[in-house]
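Each value in this text was obtained by applying a stated rule to the coordinates, not by laboratory testing. From a predicted model like this one, the values you see are computed outputs, not experimental measurements. Cβ placement follows ideal geometry from the backbone for every residue including glycine, while neighbour counts extend to all protein chains displayed.
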Amino acid sequence: MLNDRTTQASRKKLKFAGNKLANVLVTDRRKNLYNKQKHDLTCRF
């Protein structure tokens with residue numbers, strides 16, 4: 001029973017870490033896209 005509880009906890013932690021990583025990747029991509037657009041705009045003018 002104790003073992004089952006610990007595996008559940010670690011799974012939760014793993015899921016949380018995965019979500020965090022996914023969020024970081026998404027925001028990173030958005031930031032890069034935003035910077036690229038900004039760069040394109042400044043290069044045009």
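Looking at segment 9-18, is at least one residue part of a helix (DSSP H, G or I) and of a type in the set (Phe, Trp, Tyr)? Scanning segment 9-18 turns up at least one residue that is part of a helix (DSSP H, G or I) and of a type in the set (Phe, Trp, Tyr). Which of the residues belonging to segment 8-45 are surrounded by fewer than 10 Cβ atoms within 10 Å (Cβ to Cβ) and polar (S, T, N, Q)? Correct list: Thr42 only.
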